[in-house]
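Visitor: Attaching a single structure in C-alpha cells format; questions to follow.
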Amino acid sequence: MGCFITFEGIEGCGKTTQIRMAGEFLEAKGIPVIVTEEPGGTALGAELRKLLLNRSDFEFCTESELFLFLSDRAQHVKELIMPALSRNMWVLCDRFTDATVAYQCFGRGLDRDVVRGMVDFAAAGLRPRLTFLFDLPVETGLARAMDRGSKTGYASEADRFESEKVEFHRRVREGYLVLAGEEPERFFVIDGRKEIPAVQREVSSRLTKLIDARNDG
Ligand code: Z5A
C-alpha cells in the first residue's frame, strides 16, 4: 500500500507551491508519486471545481455546497486515490477532508457532528497518514492570493471563496488549528510566513523521516 499525504491551509498559504516541490522531492528519491487536488482531481471533479469556485448567476445554499465537495471527493477517492495507493504509489493531495471541516463547519457554520459521518462516507474511510498545515495570518494569505492574480492576470475576479469576508477566513484558520490540536500525530504544522525555501526544507525533512520510518518498519 502506498502513502497518502495531504496539504492544507487557508487561501494563499503556499500549499500548492509546496506540494509541487514535495512531488519533485519524492520523485528524485525514486518514489512513485501522484500530485492531485480537491476539488478537481478527476474529469467530474474538474467540472465541479468550475461550478464551486467560479462566480455564477445562481446561489448555493451551504448544504448543497457541502454535497458538491463530497461528490468531488467520492469520485476522486474511488477513481484515482485508492487505485494509486493500491499500486504502491504515494499520493499527495492539495486539500482533503480537513478542508471540508475547516470551511463548511468552522467557516460556514455546519454542525461538525452531522457532517463527520458524511465526510467519512465520501472518503470511504480513507485518512491521510500525514497532513501538512501551512499556517499564517489571513491578511498575509489573502494579499498573496491577490498578488498572484495581478501577476498572472489570471484571477482578475475573486472566486467565491476569495471574495468571502476576512472573518470567514479567520474562522477557517482557527478551525484548522483546532483540527491540528486534536490530532498532533497526524498534523505537521509549518509557519507559512517563512520564505519558500525554508518551508520547503521543513517539508522535505518531515518526508525524509516518513520514508525512513517506512523503510525501518
Ligand atoms: N474548499 C472547501 O470549501 N471545502 C472543501 O472540502 C475543499 C475545498 C476541498 C479551492 O481551493 C477552494 O475550495 C478553497 C477552499 C474550498 N478556497 N479558498 N480559500 P484551492 O486549494 O484550489 O484554492 P486556494 O485555497 O485559493 O489555494 P491556492 O490558490 O492554490 O493557494 P495556495 O495553495 O494556498 O498558495 P500558492 O498558490 O502556493 O501561493 C499563493 C501565492 O503566494 C503564489 O503567488 C506563490 O508564489 C506565493 N507564495 C507561496 N509560498 C510563499 C511564501 N512562503 N512566501 C511568499 N510567497 C509565497
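The values are calculated or read from the model by the stated rules, or taken from the named source; none is laboratory data. Computed from a prediction, not measured in an experiment: that's the story for all the values here. Cβ sites come from the backbone with ideal geometry, for glycine too, and all protein chains shown count toward neighbours.
Visitor: Which one of Arg95, Arg87 is basic (Lys, Arg) and either free of Cβ contacts under 8 Å to residues at least 24 places away in the same chain or at negative phi (or both)? Give the steps one after another, and end with the answer.
Guide: Numbers: Arg95 fails: either free of Cβ contacts under 8 Å to residues at least 24 places away in the same chain or at negative phi (or both).
After ruling out the rest, the residue left standing is Arg87.
Visitor: Give the number of residues within segment 63-107 that are closer than 18 Å to Leu130 by Cβ, among the hydrophobic types (A, V, I, L, M, F, W, C) and under 13 Å from the mean Cα position of the chain (by Cα).
Guide: Counting residues in segment 63-107 that are closer than 18 Å to Leu130 by Cβ, among the hydrophobic types (A, V, I, L, M, F, W, C) and under 13 Å from the mean Cα position of the chain (by Cα) gives 7.
Visitor: Mind checking which residues of segment 35-66 are under 16 Å from Glu162 (Cβ atoms) and of a type in the set (Ser, Thr, Tyr)?
Guide: Ser56
Visitor: Among the helices (runs of 4 or more DSSP H) confined wholly to segment 124-217, which include 1 or more residues that are more than 10 Å from the ligand (Cβ to nearest atom), of a type in the set (A, V, I, L, M) and more than 18 Å from the chain's Cα centre (by Cα)? Before you say what the answer is, go through the steps one by one.
Guide: Values: elements: 138-152, 166-182, 196-216.
Hits in segment 124-217: 166-182, 196-216.
Visitor: Still on this structure: Run down Met89, Met82 and say which single residue is crowded, with 16+ Cβ neighbours inside 10 Å and in contact with a Pro (Cβ under 7 Å, 6 or more places away or on another chain). Step through it out loud before you land on a result.
Guide: Numbers: Met82 fails: in contact with a Pro (Cβ under 7 Å, 6 or more places away or on another chain).
Only one candidate passes the filter, namely Met89.
Visitor: Taking the condition of being modelled with pLDDT under 95 and either under 28 Å from Ala143 (Cβ atoms) or surrounded by 12 or more Cβ atoms within 10 Å (Cβ to Cβ) (or both), how many residues in segment 167-217 meet it?
Guide: 1
Visitor: What are the pairs with Cβ atoms under 6 angstrom where one residue, in segment 98-119, is free of Cβ contacts under 8 Å to residues at least 24 places away in the same chain and the other, located anywhere, is in a helix (DSSP H, G or I)? Sequence gap at least six, or different chains.
Guide: That search, which allows pairs on different chains as well, returns Arg112/Cys105.
Visitor: So, Phe69, is that one crowded, with 20+ Cβ neighbours inside 10 Å, in contact with a Pro (Cβ under 7 Å, 6 or more places away or on another chain), under 21 Å from Gly175 (Cα atoms) and not acidic (Asp, Glu) or not?
Guide: Yes, satisfied.
Visitor: Mind listing whichever residues of segment 1-59 are aromatic (Phe, Trp, Tyr) and modelled with pLDDT of 95 or more? Can you show your working first?
Guide: Taking segment 1-59 and keeping what is aromatic (Phe, Trp, Tyr), we get 4, 7, 25, 58.
Passing the criteria: Phe4, Phe7, Phe25.
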